[in-house]
Amino acid sequence: MDKIVIEGRRPLVGKIPISGAKNSAIKLMAASLLTDGELRLDNMPNLADTRFMADLLRRLGAIVERPEPHTMTLQVPEVVSALAPYDLVRKMRATFNVLGPLLAREGHAKVSLPGGCAIGARPVDLHLQVLKALGAHIDLHEGYVYAQAPRGLSGGRIAFPMVSVGATEHALLAAVLAKGETVIENAAREPEITDLAECLNAMGAKISGLGTSTLTLQGVDRLLGTTHSVVPDRIETGTYAIAAAITGGDVELVNTRTDLLTAFLDKLRAAGVTITQTQGGFRVQADATQLRAVDVETAPYPGFPTDLQAQFMALMTVANGESHISETIFENRFLHAPELMRLGADIHVQGPVATVRGVRTLEGAPVMATDLRASVSLVLAGLVAEGKTTVNRVYHLDRGFENLEEKLTGCGAQIERMKESQTQEA
């Protein structure tokens with residue numbers, strides 16, 4: 001497996017371009033199943049996850065092309081198969097969201113249940129409740145969901161008992177073609193959901209209440225193709241903001257927006273980091289010796305993102321004082337803590353709370369990535385650690401960060417990916 005080797009203690013200085021949001025791109029790709037028209041997606045990230053989704057969509061009948069590096073076109077003249085097999089769905093649980101569009105367009109679908117997840121169970125019960133509320137008949141056997149709505153889906157009331165980003169997105173993807181009105185209550189409010197709804201509206205859907213916890217859809221008979229630009233990736237944005245801060249750097253993040261990360265940026269400022277709005281994004285400046293400990297608690301949007309918790313913990317390992325990080329979204333999402341401790345971090349985990357006492361310096365060591373966000377938290381720690389840090393199992397990174405090494409190297413980091421053959425030779 002590939003490894004990333006980092007020689008730390010180099011302040012980052014320069015500009016980093018932010019890619020389109022992975023979490024939005026995957027669901028936008030699924031929306032192509034709802035029409036026989038062409039969907040063109042600009043600002044499209046080139047990631048392992050988008051490639052996985054493209055493979056699945058091709059299996060279902062999509063024509064997927066990349067006429068430019070950050071543009072993707074998708075067209076499904078006809079659905080040639082309504083089966084999403086386990087060998088593809090297991091690679092990425094977000095592919096499960098093809099179930100709703102297939103059911104809405106074809107009246108039936110057979111989709112594998114997704115596999116396990118390192119950061120928690122993340123069951124699909126709410127997804128299936130959405131489809132039942134829209135009139136679908138659901139059977140589960142042999143690891144597959146069999147869904148049927150031979151007369152089409154019908155509008156209904158969907159009241160989520162808890163906020164779920166994936167289930168809210170699934171409800172949008174299924175209900176746009178349902179007959180009548182659908183009201184989604186306690187809907188997630190993430191920017192990626194608004195991005196999906198805006199794209200669906202451009203295709204001819206009638207969705208109102210964008211950005212609020214109540215979404216109302218008036219079903220339409222068909223959707224058309226459109227061109228849509230993917231919203232900037234707020235998690236990538238926050239990650240590189242921390243990279244600048246943890247190294248005591250001066251970096252401008254371009255092609256992004258501060259309004260996507262208000263709660264996170266408030267915490268970053270509280271930690272002693274200077275954030276300045278620029279024409280194309282914002283500038284991050286920090287004195288690494290003056291970073292302050294800050295308590296954070298993850299929460300659904302517009303709260304502090306769970307997907308930035310691991311990265312913020314890395315920052316707190318070298319901040320002055322003691323911080324408390326509370327994880328309220330996923331269980332098992334402190335798997336990065338023991339690896340950060342291998343670098344010399346002082347972290348104590350008790351249930352959903354991690355207590356972090358800042359240390360004067362981290363020291364490089366071999367570490368092991370456990371999931372996407374944990375992987376990049378180790379890279380961040382390696383950027384500030386004395387000596388060499390080797391991050392193993394970096395295939396996780398390729399799921400969510402495009403050109404990570406190139407973006408960091410362009411700002412002065414000494415970071416290199418070593419292929420398996422290179423590590424064997426060494």
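The values are calculated or read from the model by the stated rules, or taken from the named source; none is laboratory data. Every value quoted in this text rests on a predicted model; they were computed, and no experiment measured them. Positions of Cβ are backbone-derived with ideal geometry, glycine not excepted, and every protein chain shown enters the neighbour counts.
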**OP:** Sort through 394, 356 and tell me the only one that's hydrophobic (A, V, I, L, M, F, W, C), in contact (Cβ under 8 Å) with a residue 24 or more places away in the chain and within 29 Å of residue 46 (Cα to Cα).
**Re:** 394
Original post:
Just a yes or no: is a residue in segment 324-342 at pLDDT below 95 and hydroxyl-bearing (Ser, Thr, Tyr)?
Top reply: yes
**OP:** Name the single residue, out of those in segment 139-159 being at pLDDT below 95 and surrounded by 14 or more Cβ atoms within 10 Å (Cβ to Cβ), that is farthest from residue 106 (Cα to Cα).
**Re:** 144
Original post:
Hey, among 193, 184, 207, which residue is farther than 20 Å from residue 29 by Cβ and either in contact (Cβ under 8 Å) with a residue 24 or more places away in the chain or in contact with a helix residue (DSSP H, G or I) (Cβ under 9 Å, 6 or more places away or on another chain) (or both)?
Top reply: 184
Original post:
Would you pick out the residues in segment 267-277 that are part of a loop (DSSP other than H, G, I, E, B) and β-branched (Val, Ile, Thr)?
Top reply: 273
Original post:
Residues in segment 185-196: is at least one assigned to a strand (DSSP E or B), of a type in the set (A, V, I, L, M, F, W, C) and surrounded by 15 or more Cβ atoms within 10 Å (Cβ to Cβ)?
Top reply: no
Original post:
Out of segment 334-368, which residues are touching a Phe, Trp or Tyr at 6+ places or on another chain (Cβ under 8 Å) and either in a loop (DSSP other than H, G, I, E, B) or surrounded by 20 or more Cβ atoms within 10 Å (Cβ to Cβ) (or both)?
Top reply: 354
Original post:
Restricting the search to segment 379-403, which residues are touching a strand residue (DSSP E or B) at 6+ places or on another chain (Cβ under 8 Å), aliphatic (A, V, I, L, M) and under 17 Å from residue 244 (Cβ atoms)?
Top reply: 379, 381, 383, 385
Subject >> Residues that are over 26 Å from residue 173 (Cα atoms) and charged (D, E, K, R), drawn from segment 1-45 >> reply: 2, 3, 7, 9, 10, 15
**OP:** Scan segment 278-315 residue by residue and report those that are surrounded by 16 or more Cβ atoms within 10 Å (Cβ to Cβ), part of a helix (DSSP H, G or I) and hydroxyl-bearing (Ser, Thr, Tyr).
**Re:** 306
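What is the residue count in segment 223-266 for residues that are in a helix (DSSP H, G or I), in contact with a strand residue (DSSP E or B) (Cβ under 8 Å, 6 or more places away or on another chain) and surrounded by 20 or more Cβ atoms within 10 Å (Cβ to Cβ)?
Going through segment 223-266 one residue at a time, the tally reaches 8.
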**OP:** Filter segment 267-276 down to residues that are within 24 Å of the chain's Cα centre (by Cα) and loosely packed, with under 14 Cβ neighbours inside 10 Å, then give me how many there are.
**Re:** 1
Original post:
Considering only residues of segment 404-423 that are modelled with pLDDT of 95 or more and assigned to a loop (DSSP other than H, G, I, E, B), which is surrounded by the most Cβ atoms within 10 Å (Cβ to Cβ)?
Top reply: 413
Original post:
Can we say residue 261 is among the aliphatic types (A, V, I, L, M) and under 21 Å from residue 19 (Cα atoms)?
Top reply: yes
